[in-house]
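**Q** One structure is given below, represented as structure tokens, and several questions about it will come after.
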Amino acid sequence: TLSTLVPPHVAWQTGALKNGPVIRKTTDIAALAGVFADTKSWQRCEPGQAVYDVDVLQTETCEGALFTGVTHVHPGRVGDEFFMTRGHFHARREQGEVYFGLRGCGLLLLQNERGEARVEIVTAGSVHIIPGYTAHRLINTGGEILSALAVWPTVAGHDYATLSDGFSVRIKTDGTGWRAEASHD
Ligand code: PA5
Ligand code: NI
């Protein structure tokens, strides 16, 4: 007989994942030492303040398998700089990823191995094809939670070390919206 399985479910309005074994990882201010430019403002932040939560469906990990996860970046800033993910290259550099905006507004900061950066605007329904050899960071430029669904190969891995000195641009408030500033570090 044909088996009928109830698949996992994502609520498009909120990014809430259901019907699957989901693992949540919360990254707070204290965990992001050295990530934001303004160290004095970072020290004044509440260390336990959540910056982003990632929910990932538990999946078999093997060549060809895919992870599915939702990242929720909270609204906020450290000094003038918007809350954002740490950002990474994939350990297996050739592996790509797809992001889908679900709610809120922000930017996907992309940077190639030559340090050249570009941004894509993330809104509900936006689709972002991240090619291989491209580092990526999600930034919340709005006043609401920014949620995006991501799908990536389980073999991709995360390389945080290569960009431990940061991306080549930083996204800061200009009072009403955002502006990009070249990094100095
Ligand atoms: O696979 C991805 O790119 C995302 O799921 C990220 O891991 C997530 O947004 C958290 O960002 P980071 O891994 O840079 O802390
Ligand atoms: Ni990734």
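The values are calculated or read from the model by the stated rules, or taken from the named source; none is laboratory data. What you see is a predicted model; the values in this text were computed from it and never measured. Heads up, the Cβs are rebuilt from the backbone with ideal geometry, glycines too, and the neighbour counts pull from every protein chain shown.
**Q** Considering only residues that are surrounded by 15 or more Cβ atoms within 10 Å (Cβ to Cβ) and either within 12 Å of ligand 1 (Cβ to nearest atom) or not in a loop (DSSP other than H, G, I, E, B) (or both), which ones fall in the stretch 146-156?
**A** Let us first name the residues in the stretch 146-156 that are surrounded by 15 or more Cβ atoms within 10 Å (Cβ to Cβ), namely 146-150, 152-156.
The answer is Leu146, Ser147, Ala148, Leu149, Ala150, Trp152, Pro153, Thr154, Ala156.
**Q** If you don't mind, there's one more thing I want to ask. Before we move on, is Glu113 more than 11 Å from ligand 1 (Cβ to nearest atom) and of a type in the set (Asp, Glu)?
**A** Considered against the rule, which asks whether it is more than 11 Å from ligand 1 (Cβ to nearest atom) and of a type in the set (Asp, Glu), Glu113 comes out as yes.
**Q** Given (1) touching a residue at least 60 places away in the same chain (Cβ under 8 Å); (2) basic (Lys, Arg); (3) surrounded by fewer than 17 Cβ atoms within 10 Å (Cβ to Cβ), where does Arg77 come up short, assuming only one miss?
**A** (3)
**Q** Do the conditions hold for Glu116, that is, is it under 14 Å from His72 (Cβ atoms), surrounded by fewer than 18 Cβ atoms within 10 Å (Cβ to Cβ) and not hydrophobic (A, V, I, L, M, F, W, C)?
**A** no
**Q** From Gly104, Gly125, Gly79, grab the single residue that is in contact with a strand residue (DSSP E or B) (Cβ under 9 Å, 6 or more places away or on another chain), modelled with pLDDT of 95 or more and within 23 Å of Arg44 (Cα to Cα).
**A** Numbers: Gly104 fails: within 23 Å of Arg44 (Cα to Cα); Gly125 fails: within 23 Å of Arg44 (Cα to Cα).
Step by step, each of Gly104, Gly125, Gly79 is checked, and only Gly79 is in contact with a strand residue (DSSP E or B) (Cβ under 9 Å, 6 or more places away or on another chain), modelled with pLDDT of 95 or more and within 23 Å of Arg44 (Cα to Cα).
**Q** Restricting attention to the stretch 12-41, report how many residues are part of a loop (DSSP other than H, G, I, E, B) and either in contact with a helix residue (DSSP H, G or I) (Cβ under 7 Å, 6 or more places away or on another chain) or of a type outside the set (Asp, Glu) (or both).
**A** Residues flagged as part of a loop (DSSP other than H, G, I, E, B) and either in contact with a helix residue (DSSP H, G or I) (Cβ under 7 Å, 6 or more places away or on another chain) or of a type outside the set (Asp, Glu) (or both) within the stretch 12-41 amount to 13.
**Q** Could you list, in sequence order, the residues of the stretch 32-58 that are farther than 14 Å from Gly76 by Cβ and either loosely packed, with under 15 Cβ neighbours inside 10 Å or touching a Leu at 6+ places or on another chain (Cβ under 7 Å) (or both)?
**A** Correct list: Ala33, Gly34, Thr39, Lys40, Gln43, Asp55, Leu57, Gln58.
**Q** Mind checking which residues of the stretch 119-151 are among the charged types (D, E, K, R), over 15 Å from the mean Cα position of the chain (by Cα) and within 16 Å of ligand 2 (Cβ to nearest atom)?
**A** If the condition is that a residue be among the charged types (D, E, K, R), over 15 Å from the mean Cα position of the chain (by Cα) and within 16 Å of ligand 2 (Cβ to nearest atom), then no residue fits.
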